[in-house]
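The values are calculated or read from the model by the stated rules, or taken from the named source; none is laboratory data. Quick caveat: nothing in here was measured; it's all calculated off a predicted structure. Cβ atoms come from the backbone with ideal geometry, glycine included; neighbour counts cover every protein chain shown. To get the accessible areas, we keep the full protein, side chains included, count just its heavy atoms, and leave off ligands, DNA and RNA. Shrake-Rupley method; radii C 1.70, N 1.55, O 1.52, S 1.80 Å.
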Amino acid sequence: MHLNRTAVLAASFFLSACSTPAPRAPDSPARPQAVVIVSIDAFRAGYLSPRTTPNLARIAREGAQADWMNPSYPSLTFPNHYTLATGLRPDRHGIIHNRMNDADIGDFAVADRGAVDDGRWWGGEPIWVTAEKQGVRSASWAWPGSSAAIGGVRPSQWVAYDEKVPPARRVDDVLAWLDAPPAQRPRLISMYFEQLDKAGHDYGPDSPQVRETLARLDAVIGRLYDGLASRGLLDRVDLVVVSDHGMAEVGPGHAIGVDTMIDPSIASVVSDGQSIGVSPKPGREREAERRLLGTHAQYDCWKRGALPAHWHYGTNPRVPPIVCQMHEGWDALYPAKLAKRPPHATRGSHGYDPALPSMRALFVARGPSFVPGARLAPFDNVDVYPLLAYLLGLEPAPNDGDLTPLLPALRPSR
Ligand code: AMP
Ligand code: ZN
Ligand code: ZN
């Protein structure tokens, strides 16, 4: 049958008007062979630049970049990595802090391997469990949570967190996973780098050590890019690079003892740092509230049910009865830690209000699913889970995220 140009145009208009939600573009790429998500802990959105991070800038140029991504409250590592993985706010997934207590399970700390690997702490459904349950193989190089059996499920392949393994070796491990025969090859890979977080804490976000570590990790991202290129995978693998939060400068002496906030006989401090959890002793509740609630020189405190609504925090029973939030650039530490802190050093911290520019996180992505050169307005990190589910063609578990802010970066439906 011969169709003239007008008829073809009319037919394509009719088709696109009828098909929901988006017309299938005839030249659209196939579903990616794999999705690789990389986290660079404490990569502040503002660190990205063509001069200091040329490899990340190339990914942004060839793919999509958000002006920044908003971390969830509290802007700490474990809560936010697990929000990225589940699309749930920390209040809903249960990793409400790096350090917490649960009436039934006991204490959680990131340095406690037994707790970190105990699936009872980890609520909701991380993307690797969504994938495995739907027959998609996953692998993880130490993404927080990936070494626990969550709902009885772990990634098909996982590597326990080990900071002695250099970043380049981690990339080589990931590339080796992609080299496996199709039946063993993971379609979802997550990986994690902690080195920038450490440099940021020890020397501050504007330090030469942070610049040096940025350059080193950017080169490692370049190694991953080159590894994909040499395998002919650049147009088959969606590569997403994110961070969990940024980093703020903590000037010399900008630390107080938690014992100056509340006397230990009145309340115990469940977590120190920037988001301070306080649990009054039985019978001392009113005293603790009188002493703490409201605004102070370096912090503000609320009852757990009265925290600012945009933090979406305080309904989880693991959140202590009183939460104090340090102002930007201030730490509150247990006395023993405060005594060890050098008084004259500039340092860095995160854990501050997620709305602060210093806490803004990184989001760049390239690959067959992404529009080259797309620039996205800032979005919340709960939106990453629905993105990953979409890229992999998975039915997402219930979550707090929304794919809508990311649609301008996505090619028409495949
Ligand atoms: P923070 O800066 O307190 O939010 O925590 C970040 C630190 O958590 C990193 O510098 C790592 O040393 C540590 N970390 C990251 N992943 C893991 C893990 N899977 N197990 C134990 N510690 C981890
Ligand atoms: Zn972190
Ligand atoms: Zn950190």
Tyr334: of a type in the set (Ser, Thr, Tyr) and either within 16 Å of ligand 3 (Cβ to nearest atom) or touching a Phe, Trp or Tyr at 6+ places or on another chain (Cβ under 9 Å) (or both), yes or no?
no
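Among the candidates Val165, Val159, Val174, which residue alone is of a type in the set (A, V, I, L, M) and more than 14 Å from ligand 1 (Cβ to nearest atom)? Explain how you work it out, then say what you get.
Values: Val165 fails: more than 14 Å from ligand 1 (Cβ to nearest atom); Val159 fails: more than 14 Å from ligand 1 (Cβ to nearest atom).
After applying the criteria, what remains is Val174.
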Just the residues that are of a type in the set (A, V, I, L, M) and either under 13 Å from Ala248 (Cβ atoms) or near ligand 2 (Cβ under 10 Å from one of its atoms) (or both), please, taken from the stretch 192-209.
Leu196
Please determine whether any residue of the stretch 221-235 is within 16 Å of ligand 3 (Cβ to nearest atom), among the hydroxyl-bearing types (Ser, Thr, Tyr) and in the same structural domain as Val159 (by TED's automatic domain parsing).
no
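Would you check if Leu338 is outside the structural domain of Ala103 (by TED's automatic domain parsing), open to solvent by less than 60 Å² (accessible area, probe 1.4 Å) and out of contact with any Asp or Glu (no Cβ under 7 Å at 6 or more places or on another chain)?
Values: outside the structural domain of Ala103 (by TED's automatic domain parsing): yes; open to solvent by less than 60 Å² (accessible area, probe 1.4 Å): yes; out of contact with any Asp or Glu (no Cβ under 7 Å at 6 or more places or on another chain): yes.
Yes; evaluated as a whole, the condition is true for this residue.
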Please enumerate the residues belonging to the stretch 300-329 that are open to solvent by 60 Å² or more (accessible area, probe 1.4 Å), closer than 22 Å to Asn381 by Cα and not in a loop (DSSP other than H, G, I, E, B).
Ala309, His310
Failed criterion for Leu56 (all others in (1) assigned to a strand (DSSP E or B); (2) surrounded by 24 or more Cβ atoms within 10 Å (Cβ to Cβ) hold):
(1)
From Ala297, Ala332, residue being out of contact with any Leu (no Cβ under 8 Å at 6 or more places or on another chain), part of a loop (DSSP other than H, G, I, E, B) and either under 26 Å from His201 (Cα atoms) or among the β-branched types (Val, Ile, Thr) (or both)
Ala297
Please name all residue pairs, on different chains or six or more residues apart, with Cβ atoms under 8 Å, provided the first residue is in the stretch 67-91 and is farther than 18 Å from Met326 by Cβ and the second residue is of a type in the set (S, T, N, Q) and part of a helix (DSSP H, G or I).
Met69/Asn381; Asn70/Asn381; Thr83/Asn381; Leu84/Asn381; Arg89/Thr83
State all residues of the stretch 110-135 that are out of contact with any Ser or Thr (no Cβ under 9 Å at 6 or more places or on another chain) and closer than 21 Å to Ile276 by Cα; if no residue qualifies, say none.
Ala111, Asp112, Ala115, Trp121
Only one of these is open to solvent by 20 Å² or more (accessible area, probe 1.4 Å) and either away from ligand 3 (no atom under 16 Å from the Cβ) or modelled with pLDDT under 95 (or both): Gly87, Gly94, Gly46, Gly63. Name it.
Gly46
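Working carefully through the options Arg286, Arg291, find the one that is open to solvent by 60 Å² or more (accessible area, probe 1.4 Å), in contact with a helix residue (DSSP H, G or I) (Cβ under 9 Å, 6 or more places away or on another chain), more than 30 Å from Ile59 (Cβ to Cβ) and part of a helix (DSSP H, G or I). Step through it out loud before you land on a result.
Values: Arg286 fails: in contact with a helix residue (DSSP H, G or I) (Cβ under 9 Å, 6 or more places away or on another chain).
None of the others qualify; the one that does is Arg291.
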Output yes when any residue across the stretch 196-212 is assigned to a strand (DSSP E or B), touching a Ser or Thr at 6+ places or on another chain (Cβ under 6 Å) and either open to solvent by 30 Å² or more (accessible area, probe 1.4 Å) or within 16 Å of ligand 3 (Cβ to nearest atom) (or both), and no when none is.
no
